[in-house]
Amino acid sequence: MAFELAPLPFAYDALAPFTSAETLEFHHDKHHATYVTNLNNVIKGTEFEGKTLEDVIVGSHGKNPAVFNNAAQHYNHHHFWLWQKKDGGGTKIPAKIQALIDSDLGGYDKFKADFVNAGATQFGSGWAWLALKDGKLSITKTPNGENPLIHGATPILTVDVWEHCYYIDYRNARVKYLEAFVDHLINWDYVLECYEKAV
Ligand code: MN3
């Protein structure tokens with residue numbers, strides 16, 4: 001079965017002013033949609049056809065760049081939308097996740113500084129992540145479409161630092177976007193849901 005683009009889990013104007021409807025229209029309807037279309041085209045006739053998205057990503061890494069890049073970007077964006085909501089972000093964090101941030105990441109302020117720094121220092125395009133590996137949370141960054149799945153970790157939060165994610169609203173001020181994402185956009189309930197699925 002072909003992969004499909006899910007609609008955004010919120011209205012196009014729901015994340016304004018931190019992310020505009022214009023950005024979401026381009027980012028979801030054009031950028032993300034193109035990854036899904038390309039994935040369905042390039043996967044045809046390969047050994048990856050019919051596999052789950054996660055299996056396609058792990059299996060195609062290092063073997064089939066066209067399949068890998070489009071599959072990983074589909075996965076990254078699909079969850080990136082779910083990891084955001086209106087009036088999200090900040091310290092309204094489920095107790096279980098807060099405890100892990102305290103024990104594994106040195107508390108909320110350090111988490112925020114390190115997560116923003118990971119996104120700010122990802123040279124060129126890529127993603128910053130909160131991921132779970134061997135029962136521990138860590139903050140990482142990846143170039144282009146790569147994600148923690150190929151490093152044996154489970155992503156529980158990400159932020160897109162490709163310029164298409166913030167250039168309309170923030171121009172080149174990537175750090176301002178990252179701070180707004182952490183303060184106002186993170187859907188901590190979906191972070192918890194992904195954590196609970198992973199453990
Ligand atoms: Mn993107």
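No lab work stands behind these numbers, since they all come straight from the coordinates. Only a predicted model underlies this, so the values are computations on that prediction, with no experimental measurement involved. Every residue, glycine as well, gets a Cβ built from its backbone with ideal geometry; the counts of neighbours run over all protein chains shown.
List of remarks:
- Counting all C-alpha pairs of the chain, share separated by more than 24 Å (%): 37 percent
- Fully extending the segment from THR34 to ASP189 would add 53.0 nm, taking 0.36 nm per residue of separation and subtracting the current Cα-Cα distance.
- Under a model in which nothing but the beta-carbon of Lys, Arg (+1) and Asp, Glu (-1) is charged, the stretch 21-82 shows a dipole of about 180 debye around its Cα centre.
- Projected over every direction and averaged, the convex hull enclosing the alpha-carbon atoms of the stretch 21-82 yields 4.1 nm².
- Sites matching chymotrypsin sites (Phe, Trp or Tyr not before Pro) across the stretch 99-165 that sit in DSSP coil, with at most 15 neighbouring C-beta atoms within 10 Å: PHE123
- With at most 15 other Cβ atoms within 10 Å, longest stretch of the chain clear of loop trypsin sites (Lys or Arg not before Pro) (DSSP): 93-170
- Given charges at Cβ of Lys, Arg, Asp, Glu: the stretch 21-82 dipole, positive-most of GLN73, GLY59, ASN38: GLY59
- Here the chain is assigned +1 on the Cβ of each Lys and Arg and -1 on the Cβ of each Asp and Glu. Its dipole about the Cα centre then comes out at about 280 debye.
- Under the simplified labelling scheme, the GLU47-ALA120 pair shows an inter-label distance of 4.3 nm, with each label point 7 Å from Cα along Cα→Cβ.
- Rough spin-label spacing in nm, given labels placed 7 Å along Cα→Cβ, for LYS92 and ALA6: 2.1 nm
- For the stretch 108-113, Karplus couplings with θ = phi - 60° (6.51, -1.76, 1.60), whole Hz, Gly/Pro x: 4, 4, 6, 4, 4, 4
- Most mobile listed residue (TYR35, TYR167, TYR75) in the chain, GNM with C-alpha springs under 10 Å: TYR167
- For the stretch 95-198, the spread of Cα positions along each principal axis, largest first, Å: 36, 28, 21
- Virtual spin-label span in nm between ASP13 and ALA99, 7 Å along Cα→Cβ: 4.2 nm
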